[in-house]
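The values are calculated or read from the model by the stated rules, or taken from the named source; none is laboratory data. Being a predicted model, the structure only gives us computed values, none of them experimental. Because the Cβ atoms are built from the backbone with ideal geometry, glycine has one as well, and the counts that use them run over all protein chains shown. To get the accessible areas, we keep the full protein, side chains included, count just its heavy atoms, and leave off ligands, DNA and RNA. Shrake-Rupley method; radii C 1.70, N 1.55, O 1.52, S 1.80 Å.
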Amino acid sequence: MFIVVKTITNSKIPQPCHGKKLTKLVRECLAENLPLSIDFEGINTITQGFSRELFLPLVLEFGADFLKSQLHLINLSPDVRERINDSFINLDDYFDQLSKQSNKFCDEEIYQLNLFWLVKAREMARDNAINAQLMMGIAEEEIRLALSKLTIEDIHRIARCGWLCFSPRFSSDFLLDIANRQFNVGEILLAFSGSLC
């Protein structure tokens, strides 16, 4: 697929709102694993806000390696290239603002637990169904497919719900026995799968 930046804005200098709009289009393509080219022809400069609103959510959602393989930027002027690179420097203010928005109504530790679990679960659901089942406890195919399609906004919204989104995979007997004897890795895996204790 091919997106020309100047077709989404009449502004000579794309602004943060245009970055958000473009992110939605890019996300749709990448979710379908379609290679995508973004053409900056006719764009001499951009705001740092445009670059951050476009690229940072995509990096968080899809990962830098995936973006490098699927997303191609063409016809970059030297100034646009420099501003894109600069948008990845000094990100403390960006993440502070994101964190404040995310945690207004949610316990920080619960939010972080949910966030880390959901991001890892989505990654495994996309890459390897067996690992998703063994390592994350995602046994149902429908849940695995649904997790694989979550956007980073979906993940943040779920993570902010205020309660833990997953439960222990082992029995109370296993927890009581762990103080009395050493379990080997195989026994622990069986306990997680529900076949032991």
Fill in: Hits in region 42-77 (condition: under 17 Å from the mean Cα position of the chain (by Cα) and aromatic (Phe, Trp, Tyr))
Phe55, Phe62, Phe66
Item to complete: Looking only at region 123-175, count how many residues are assigned to a loop (DSSP other than H, G, I, E, B) and of a type in the set (Gly, Ala, Ser).
Response: 5
Item to complete: Take region 1-22 and flag every residue that is modelled with pLDDT of 90 or more, in a loop (DSSP other than H, G, I, E, B) and of a type in the set (Val, Ile, Thr).
Response: Ile13
Practice prompt. Inspect all residues belonging to region 23-42 and state whether any of them is assigned to a loop (DSSP other than H, G, I, E, B) and surrounded by 13 or more Cβ atoms within 10 Å (Cβ to Cβ).
Written response: yes
Worksheet item: Is it the case that some residue within region 2-9 is under 28 Å from Asp127 (Cβ atoms) and open to solvent by less than 30 Å² (accessible area, probe 1.4 Å)?
Response: yes
Worksheet item: Are any residues in region 70-105 surrounded by fewer than 11 Cβ atoms within 10 Å (Cβ to Cβ) and either more than 17 Å from Thr23 (Cβ to Cβ) or modelled with pLDDT of 75 or more (or both), and if so, which ones?
Response: Pro78, Asn85, Ile89, Asn90, Asp92, Asp93, Asp96, Lys100, Lys104, Phe105
Worksheet, complete the sentence: Per the list (1) touching a strand residue (DSSP E or B) at 6+ places or on another chain (Cβ under 6 Å); (2) open to solvent by 20 Å² or more (accessible area, probe 1.4 Å), residue check on Phe66 breaks on (1)
